[in-house]
1. Could you tell me which numbered condition Thr69 fails, if it satisfies all but one of (1) of a type in the set (Val, Ile, Thr); (2) in contact with a Phe, Trp or Tyr (Cβ under 7 Å, 6 or more places away or on another chain); (3) open to solvent by 10 Å² or more (accessible area, probe 1.4 Å)?
2. Among the residues of the range 255-276, what is the count of those that are open to solvent by 70 Å² or more (accessible area, probe 1.4 Å) and farther than 20 Å from Ala140 by Cβ?
3. Among all residue pairs at least 6 apart or on different chains, which show Cβ distances below 6 Å where the first residue, located in the range 20-45, is open to solvent by less than 10 Å² (accessible area, probe 1.4 Å) and the second is not in a helix (DSSP H, G or I)?
4. Going through the range 231-253 one residue at a time, which ones are in contact with a Leu (Cβ under 9 Å, 6 or more places away or on another chain) and either free of Cβ contacts under 8 Å to residues at least 24 places away in the same chain or more than 13 Å from Ala30 (Cβ to Cβ) (or both)?
5. When you go through Pro128, Pro153 one by one, which is the residue that is of a type outside the set (A, V, I, L, M, F, W, C) and modelled with pLDDT under 90?
6. Looking only at helices (runs of 4 or more DSSP H) that lie completely in the range 338-417, which have at least 2 residues being at pLDDT 90 or above?
7. Among the numbered criteria (1) β-branched (Val, Ile, Thr); (2) open to solvent by less than 50 Å² (accessible area, probe 1.4 Å); (3) modelled with pLDDT of 90 or more, which single criterion is violated by Val218?
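The values are calculated or read from the model by the stated rules, or taken from the named source; none is laboratory data. Quick caveat: nothing in here was measured; it's all calculated off a predicted structure. Please note: Cβ atoms are built from the backbone with ideal geometry, for glycine as well, and neighbour counts cover all protein chains shown. Side chains are part of the model used for accessible areas, which takes the heavy atoms of the whole protein and leaves out ligands, DNA and RNA. Shrake-Rupley method; radii C 1.70, N 1.55, O 1.52, S 1.80 Å.
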Amino acid sequence: MASPRFRQYNVLASSTLAFTICFMIWMMFAVLGIPIKQHLGLNETEFGILAATPVLSGSLVRVPLGIWTDRFGGRIVMFVLMLVCVPFIFIMQYATAYWQFLAIGLLVGLAGGAFSVGTPYVARWFRPEQQGMAMGVFGAGNAGSSLTKLVAPGIIAAAGWQMVPTVYAIIMLVTAILFWLFSWQDPSHLVSSKVSLRQQLALMKDPAVLRYCQYYSVVFGGYVALALWMTKYYVGEYGFDIKHAAFLAACFSLPGGVLRAMGGWLSDRFGPYRVTWGVMWVCWVAFFILSYPQTDFSISTTHGVQRFHLGLNVTLFTLVLFAVGIAMAIGKASVFKFIANEFPDNIGAVSGVVGLAGGMGGFLLPILFGVLLDITGVRSSAFMLLYGTVCVSLVWMHFSFKAQAGREPAAMARQAG
C-alpha cells in the first residue's frame, strides 16, 4: 500500500500536469486566434472577444466546480471535466463562421475551471504550513499558456490551424487517463454533507472574500489577458511572424506560471500581505514604463530642428514584461495563501469565487484592449488600462489591509510556535 507521502506527491504531480494541459487548451486562441482573425477578417475588438470567450465560461464554472470538489472530491471532478472537453476541442476544426468559433470556444473554455478543482484537492493533502508551496506548485500549471505558444505555431506551420484542435484533443484525452491512473482520493477531505449549498455560497458575502477577488482580478486576470494578447502585440508592434512572436510572448507566460511555486514559498515564509503588497508595486512601475507609446518628436534649437525617438525596443520591452510575469506569478500564489489561512474548511467554495473574479478580469481585459486599440490606434493603450487598475488596487489594498500589516507577523510567529 502506498505511503501517505507517496500519495501526497503523486496527487500534486498528476494534478499539476492536468492543470498545465487544461490551461494550454484554455489559452489556445492566443495563437490559434491569429490565423482565424486573418481568415475571417476580424477587427481588433472582434479578436478580443474571440480570444476571451473561453475565459468567460472557464470563469463562470469555477464556483460550482469548487463546491463540487468540496463535496465529491477533486479526483472524479477533474477527470470528468477533462473528458467533457475533449469532443468540443476536436470539433473546432470544422468551424467556419465567427459565431461557431464563439460557441465552441465557450465549451472548450470549461477546461479553465480546472484550477478551482485542483486547488482544494491538492491543498487538503498537505499541512497548513506547506499549503502555500503545494498550491504554488500546482498553480505553476499556468505555464500551459507558454506551452501553447511553443507548440501551436509549429503545428500551424506544418499542417495548418485546423490540425491544432485534433492534436490538442488527443493530448487532453491522454492526460485525463494519466491523471486518473496516478491520482488518489481521500474521503476525509470531503466537506460534510450536512453543509448545505446555501451555507457554502453564503461565504461569498464575506468582505475578505471580496477583497481577495479584487486582488486576483489584477494578478490573474491581468496575466490571462496579457497571455492572450501578447503574441498579437509582438506581431503588430514589432513586425514578427507568428512563430517568433509566440516565442517572445512565452517569455512572459512561462515565468508567470512556473514561478508561482516561489510565490507560495514566499507567502509561507513572509506572509501573504507583504508578498502581495510588493507584487502590486512591481506591476505599478512596470506598467507605467510599458504604457509609453512609440513616439517621434522634433524641437527647434539654435542649431536647427532636432528629432528624437522615445520608445521601448523589443529587448527592453521583453525584459520589463518578463518582470511583470514574475510578479504576477508570485501574486497569484500569495492571494491563495490568504484563502488557505482564513478559510481552511471551505477552500473549494472560496477559491471558486475568487477564481471567478480573476477569470472575469481575464475575460473583460482582452475585449477592452481591442476596443481601446480600435478607438485610439495605440497598442500600448492595453498597458495604460492595466496601469490604472493597479493604481486603484494599491489604494484599495492600503486602506483594506492597513490593520493586517501589523497583525500578520504576530500570526506567523504563533503558527511557527
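1. (3)
2. First pass over the range 255-276, keeping only residues open to solvent by 70 Å² or more (accessible area, probe 1.4 Å): 258, 262, 265, 269-270, 274.
Keeping just the survivors that are farther than 20 Å from Ala140 by Cβ gives 274.
Residues that pass the stated criteria total 1.
3. Leu32/Trp161
4. To start, the set of residues in the range 231-253 that are in contact with a Leu (Cβ under 9 Å, 6 or more places away or on another chain) comprises 231, 233-234, 236, 238, 240, 246-253.
Matches in the range 231-253: Gly236, Tyr238, Phe240, Cys251.
5. Numbers: Pro153 fails: modelled with pLDDT under 90.
Going through Pro128, Pro153 in turn, just one is of a type outside the set (A, V, I, L, M, F, W, C) and modelled with pLDDT under 90: Pro128.
6. Working: elements: 347-376, 381-400, 402-416.
The qualifying helices (runs of 4 or more DSSP H) are 347-376, 381-400.
7. (3)
Here's the yes/no breakdown for (1) farther than 15 Å from Ala95 by Cβ; (2) among the hydrophobic types (A, V, I, L, M, F, W, C):
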| residue | (1), (2) |
| --- | --- |
| Ala30 | yes, yes |
| Ile36 | no, yes |
| Leu50 | no, yes |
| Gly58 | yes, no |
| Pro64 | yes, no |
